[in-house]
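Below you'll find the structure, written out as structure tokens, and then a few comments.
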Amino acid sequence: MLALRDVTVRYGDTPAVDDVSLDLASGQVLAVLGPSGCGKSTLLRAVAGLEPLASGSVSWDGADLAGTPTHKRGFALMFQDGQLFAHLSVARNVAYALRLRRTPSARVATRVGELLDLVGLSGYDDRLPGTLSGGERQRVALARALAVEPRLILLDEPLSALDATLRERLAGDLRAILHAAGTTALLVTHDHEEAFALADRLAVMRGGRVVQQGAIDEVWREPVDEETALFLGYARVLRDDAARRVLDAAGLPPAYAVALRRSALVVDDAGPLRAVVESARVTPELVRLVVTVEGVGTVDAVAPLGGRVAPGDEVSLRVDVTRLALLPITP
Amino acid sequence: MRRIAALVALAAAPVLVLGVLFVLPVAGMVAEGFVEDGHLAPGAVLDVLARPRVHRVAWFTVWTSGVATALAVALGLPAAYALHKLALPGRAAVRAALIVPFVLPTVVVGVAFRQLLGEGGPLGFLGLDGTPAAIVCGLVFFNVAVVVRTVGVAWESLDPRPGQAAAALGASPWQVLRTVTLPALRPAVVGAASIVFLFCATAFGIVLTLGGVRHATIETEIYLLTTTVFDLQAAAALSVLQIVVVVALLALSARLRATPDPTAQRTVAPPRAVRRSDAPVVVATLLLLAAMLLPVATLVLGSLDVGDGWGLDNYRALATAGEDQALLVPVTAALVTSLRTAVDAMWMALLVGVTVSLIVTRRSHSVAERRVRSTLDGFFMLPLGVSAVTLGFGFLITLDEPPLDLRDSPLLVPMAQALVALPLVVRSLAPVLGGIDDRQRQAAASLGASPWRTLLTVDLPVVWKPVLAAAGFAFAVSLGEFGATSFLARDTDPTLPVVIFRLIGHPGEHNYGMALAASVVLAAVTAVVVLGVERLRVPGVGAF
Amino acid sequence: MLHVRVRAALTTSSLAAVTALALAGCSLVGGDDGGTTASEPSTSSSADGKGSGTVVLATHESFHLPKKLVKAFEAETGYDLEVRAAGDAGTLATKLSLTADNPIADAAFGVDNTFASRPLGEGAFAEVATTATPPAEYVLPEGGDRLVPIDSANVCVNVDTAWFEKEGVEPPQTLEDLTDDRYRDLFVTPGASTSSPGMAFFLATVAEFGDAWPDYWTDLLDNGAEVVDGWEDAYYGDFTAGSDNGTRPIVVSYDSSPAFTVSGGRTTTAALLDTCFRQVEYAGVLEGADNPAGAEALVDWMLTDEVQSALPESMYVFPVMPEATVPEAWAEFAPQPADPYEVDPDEIAANREQWLTEWTDVISR
């Protein structure tokens, strides 16, 4: 397993990664989630051995990797844009690490076939990277990284360069592939969807520090603070009276702050909250509303399709307790 | 077809320049050999090619140049890495110092080498004097800077991430070099190697001085046949042979340079701190530096030797015309002429070189277009590979009538020098320009940038450092050029190498000392200018 | 976006600055002495009988005369003298031969007796009548009406007498001596194919041994003779009196060379006067010259007492005119040979290629 202890990486005087400790058990996928510039890519490079540590340690199965150069760590790094070798064909790219290990060419051919099959690119062997689409390149990069069954695969925003549909599909594929291969993976991303789609565990990073980590649903249910909540996809954070009113309506004990997802308030004639509809937008699954709730303010809400809700209408709302999170903060 | 027409129009100016200054003279001189009594008589020329001596000479040229090129690449690559990728203290100065041999007059270096390698010299025990090994050493000495610079600049702007990706896949540093870095550097390495080969194959003074008269190359043979024997047929035959060899080499080099996809992300990574694992590279670089400085040190010591001790007398004498008035102008005046000539040669070479580089690196849309581009590319390399003797005499007999009455023009010297520097400029810029993703230009254009603005905002920032390096190179080539210059320079304003040659050709201990002092000054000025040119930064462009 | 614009503006302005710098006089283009003298029309004479315009002299790189004399010539005749000195004697002869129908200058100086027949054969020189008459011994048997002898220099084997004294060895006297075992590994000469004195020494051996010269050269090389590229290499690289690292006390140089190794009232080297080959350098008017009168005046001037007497100091050669004075050191330390070797220029022209081919074969063996 991978263990980071008090890792600090500096660029000049500024710490890009500040005192980060993380653990990643074998076979698990850990996502490091954070806005751009938070130091997550640097962290990944430090694990790969591409950035020297200012202090702290990176170890694998208890062995400190400080003296181990990148190529001897047995980790595979997949860059954001794939970084395929432009002068090599797809098959040669995938076979790269195998050839480094002088694998017999018959076995190389079989393995390349398997891997291209795995990433859904059978028959692409002789293409040059320049002729591939972004998604195809990422798949080749993934196949290349998986070729020698690395003990840890490092993924740098593997899906962010792709369009939405492709991202969704590839995310599913990637998760299946990682699980099928039983690969331990460390993933950095700024996209919580990507993190949720791929990871078992989550670490949230901000300003070079890890502010929260845990199992993905734990983190998702209990964000440590407002910023984290917003970054995890919560739409709004209510405080004081507003929070108390909503919690009361949900039948929960009072708390100082609560984070709401956009679907936390649902139009329901039996609901305890009264609100005026400001705007309504129809989506394929439900109607998304912005409403003004008395004593709470402007918040998001949803209504089932066919509810015929229009701006200006007065509606009643109930609270979906699975779609809110209490924040452990005080005034 | 429209694109090809536009291409030809853009290329017209440089092609015309090269046509007048190169093709016409060489063709004129070769024709002297082919035409006998007003009739075309190719038979006699072809007979020459059957002579065993010609075969021997051609083979000797090819193998010495080949070995020297291989050595220059082998020694130059580690230095290119160490001096362009590692944060070594004083690396800019070392880079400038390595270019010094490039400008030293061959006759002076020849004497310095012989003082080292000769029977009584400190390295005399090696028994190299007068052997092909000495010639190869000399050729490497003069040309290793070409490899260090052209490859170093390309290396500097190489995206480090593919290499890191390879390392992350388990490639050792050596494997990264072999499988990722060198393939990416191949255009630059092959380009540098072909330039070095051409310089070696047409080397003149160094072959004569170090090889003694026993070893003839095609170039020395052409000189001998033209000036001493006046056998123009044989000279023409060898010139044609030389052109054929050069064209074949250029075709080969173009093939080797071609990469499936030259586009690469260009970044200028800040130089990396030196680690213990860099020791072999650093040591190799230091050894190369020491080997390069040894002959230079001999010169410096010689220039300070005033007979009965050490002193600066030889340097003080540079403001005079030498012992017994050996010179018409003091060395200081010649230095000024040299610098002014070099400025001209530099801008001429850059102007034409940048245009040519842009032409040959734009993405082709058809096979025909690509052929036109690669033919042009090779065409502009030709001047390096063709005998300066043939070219020089060709100037005299073809550029003698209006409107091309150039043989008395003071600009002929910088023009000839620019012609020599041109391939260096093109080979420094082309790999980098070729690496720019065309979509960036398209993006700029789509945002409303004119072609000129696109050039400034997309191409220039990437190519700025290579342009500076090429400028320094062109400047150095001009400062050191002797063959064409001595042939064309006018006595009233000789350049420094010409003056040095004069000094060393006159008896008198002081003239010899002055020649050494003047060489040291030439070397120092060159190093300083090259260092300065590289420091030139347009804010925000060079710094990235 | 802003910084891109600033960057572009700065780039443009810095390019402009560089261009301006180039045009402001740091280059030849911007400089004022860009010199167009060559294309000025040359007129041969004016009303007062004095000449005007420019006389262009093509010569080799060793040409040199004191500025004072050149000024005097220009003042006296009214011509401007423009010297184009480049390349060695062979290059000069080739240039003149190749451009015989459209000469590069009005007059030429520096073609010597080993190269004379080529430009003469190509018709490069016009007939010339000089005021002074050089001694007949220097005049070419054929073409004497076109090429005027100006100076002579004898290429002789030189020895480092100080070295021989120190070693207690008797220095050699003749060409034959050089193959003697006592002088093994002591002799260095520039090559006949690459050096003018080297060629002269070779011709001396041809004159002495006739068709048997290849045997002599074989013996010479067997005796450890070193053949180098140029005179500079031999004298400054290998000769014991010319270089601290030199190891060879016998070298091919000139009869005047001992005058340059004087220290403490005596010279430390000597020329072997029985080994000399005489080189004579000529001047002439080029056929089709723009300014033939000026060219003739120039040739005349080169025979004057002033120029003739300046030759030793300026070009290390002896004047041909007997009235000219030579420097004291020359008179004292550089005696001229009484009876140097000679080879007929036409014979040289006819055999040069074959000789050189054979010679190269002998020395590459």
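The values are calculated or read from the model by the stated rules, or taken from the named source; none is laboratory data. Here the structure is a predicted model, which is why all the values come from computation and not from measurement. With ideal geometry, Cβ positions are generated from the backbone for all residues, glycine too; neighbour counts draw on all protein chains shown.
Search the stretch C:65-112 for residues being among the hydroxyl-bearing types (Ser, Thr, Tyr) and away from chain B (no Cβ under 12 Å), and hand back the single one that is surrounded by the fewest Cβ atoms within 10 Å (Cβ to Cβ). Across the stretch C:65-112, the extreme among qualifying residues is C:Thr77.
Can you name every residue in the stretch C:135-151 that is out of contact with any helix residue (DSSP H, G or I) (no Cβ under 6 Å at 6 or more places or on another chain) and in contact (Cβ under 8 Å) with a residue 40 or more places away in the chain?
Matches in the stretch C:135-151: C:Pro135, C:Tyr138, C:Leu140, C:Pro141, C:Glu142, C:Arg146, C:Leu147.
Restricting the stretch A:51-72 to residues that are at the interface with chain B (Cβ under 8 Å from one of its Cβ atoms) and crowded, with 20+ Cβ neighbours inside 10 Å leaves a set whose member that is farthest from B:Ala273 (Cα to Cα) is A:His71.
Considering (1) in contact with a Phe, Trp or Tyr (Cβ under 8 Å, 6 or more places away or on another chain); (2) crowded, with 23+ Cβ neighbours inside 10 Å, the lone condition that B:Ser357 does not fulfil carries the number (1). When the stretch B:16-25 is limited to residues that are of a type in the set (A, V, I, L, M) and under 20 Å from the mean Cα position of the chain (by Cα), the one that is farthest from B:Pro383 (Cα to Cα) turns out to be B:Val17. Here B:Leu88 clears all of (1) assigned to a helix (DSSP H, G or I); (2) of a type outside the set (D, E, K, R); (3) touching a residue at least 60 places away in the same chain (Cβ under 8 Å) except the condition numbered (1).
Of the helices (runs of 4 or more DSSP H) lying entirely inside the stretch C:18-131, those containing at least 3 residues that are more than 24 Å from C:Ser196 (Cβ to Cβ), modelled with pLDDT of 75 or more and of a type outside the set (Gly, Ala, Ser) span C:67-77.
Only residues that are part of a helix (DSSP H, G or I), β-branched (Val, Ile, Thr) and within 25 Å of B:Cys200 (Cα to Cα) were counted in the stretch B:361-402, giving 3. Looking at A:Gly130, A:Gly134, just one residue is under 21 Å from A:Leu178 (Cβ atoms) and surrounded by fewer than 18 Cβ atoms within 10 Å (Cβ to Cβ), and that residue is A:Gly134.
Residue-by-condition table, conditions (1) more than 14 Å from chain C (Cβ to nearest Cβ); (2) in contact (Cβ under 8 Å) with a residue 24 or more places away in the chain; (3) among the charged types (D, E, K, R); (4) within 30 Å of B:Glu156 (Cβ to Cβ):
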residue	(1), (2), (3), (4)
B:Phe199	yes, yes, no, yes
B:Phe204	no, yes, no, no
B:Leu210	no, yes, no, no
B:Ile243	yes, yes, no, no
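Taken over the stretch B:137-173, the criterion of being under 21 Å from B:Val94 (Cβ atoms) and not in a helix (DSSP H, G or I) is satisfied by B:Ser157, B:Leu158. For the stretch B:450-461, the criterion of being among the aliphatic types (A, V, I, L, M) and within 28 Å of B:Val100 (Cα to Cα) is met by at least one residue. Give the residues of the stretch B:331-357 that are over 13 Å from B:Leu479 (Cα atoms) and either modelled with pLDDT under 80 or within 20 Å of the chain's Cα centre (by Cα) (or both), sorted by residue number. Those that are over 13 Å from B:Leu479 (Cα atoms) and either modelled with pLDDT under 80 or within 20 Å of the chain's Cα centre (by Cα) (or both): B:Trp347, B:Met348, B:Ala349, B:Leu350, B:Leu351, B:Val352, B:Gly353, B:Val354, B:Thr355, B:Val356, B:Ser357. Working only within the stretch A:144-173, note down all residues that are more than 24 Å from A:Gly214 (Cα to Cα), outside any helix (DSSP H, G or I) and under 17 Å from the mean Cα position of the chain (by Cα). Matches in the stretch A:144-173: A:Ala161, A:Leu162, A:Asp163. The sole residue among A:Ala176, A:Ala229 that is part of a helix (DSSP H, G or I) and surrounded by 19 or more Cβ atoms within 10 Å (Cβ to Cβ) is A:Ala229.
The sole residue among A:Val47, A:Val119, A:Val90 that is of a type in the set (Val, Ile, Thr), away from chain B (no Cβ under 14 Å) and crowded, with 20+ Cβ neighbours inside 10 Å is A:Val119.
Applying a threshold of 7 Å to beta carbon distances and a minimum spacing of six or more residues, or different chains, the list of pairs starting in the stretch A:128-151 at a residue that is under 23 Å from A:Gly27 (Cβ atoms) and ending at one that is of a type in the set (D, E, K, R) reads A:Ala147/A:Arg111; A:Val148/A:Arg101.
In the condition set (1) away from chain C (no Cβ under 14 Å); (2) closer than 20 Å to B:Ala234 by Cβ; (3) of a type outside the set (Gly, Ala, Ser), B:Pro187 is compliant with all but (2). Is it fair to say A:Val258 is within 17 Å of A:Leu238 (Cβ to Cβ), exposed (fewer than 14 other Cβ atoms within 10 Å of the Cβ) and aliphatic (A, V, I, L, M)? No, not satisfied. In the set B:Ala154, B:Ala171, only one residue is within 14 Å of another protein chain (Cβ to nearest Cβ) and either in contact (Cβ under 8 Å) with a residue 60 or more places away in the chain or within 21 Å of A:Val94 (Cβ to Cβ) (or both); that residue is B:Ala171. I'd like to know if the stretch C:214-224 contains one or more residues that are surrounded by 15 or more Cβ atoms within 10 Å (Cβ to Cβ), within 14 Å of another protein chain (Cβ to nearest Cβ) and closer than 30 Å to C:Leu120 by Cβ. Taking every residue of the stretch C:214-224 in turn, at least one turns out to be surrounded by 15 or more Cβ atoms within 10 Å (Cβ to Cβ), within 14 Å of another protein chain (Cβ to nearest Cβ) and closer than 30 Å to C:Leu120 by Cβ.
Tally the residues that are part of a strand (DSSP E or B) and either more than 18 Å from C:Tyr79 (Cα to Cα) or within 14 Å of chain B (Cβ to nearest Cβ) (or both), restricting the search to the stretch C:282-325.
Total meeting the criteria: 4.
Among the residues of the stretch C:254-275, those that are assigned to a strand (DSSP E or B), crowded, with 17+ Cβ neighbours inside 10 Å and more than 12 Å from every other protein chain (Cβ to nearest Cβ) comprise C:Thr267, C:Ala270, C:Ala271. When A:Val9, A:Val47 are screened for being modelled with pLDDT of 90 or more, hydrophobic (A, V, I, L, M, F, W, C), touching a strand residue (DSSP E or B) at 6+ places or on another chain (Cβ under 9 Å) and in a strand (DSSP E or B), only A:Val9 passes. The set of residues from the stretch C:192-241 being assigned to a helix (DSSP H, G or I) and among the β-branched types (Val, Ile, Thr) comprises C:Thr205, C:Val206, C:Thr218.
A single member of A:Leu84, A:Leu98 is within 20 Å of B:Arg178 (Cα to Cα), within 13 Å of chain B (Cβ to nearest Cβ), surrounded by 15 or more Cβ atoms within 10 Å (Cβ to Cβ) and in contact (Cβ under 8 Å) with a residue 60 or more places away in the chain, and it is A:Leu84. The listed residues are B:Phe60, B:Phe113, B:Phe125, and the only one of them that is touching a residue at least 12 places away in the same chain (Cβ under 8 Å), surrounded by fewer than 21 Cβ atoms within 10 Å (Cβ to Cβ), within 14 Å of another protein chain (Cβ to nearest Cβ) and part of a helix (DSSP H, G or I) turns out to be B:Phe60.
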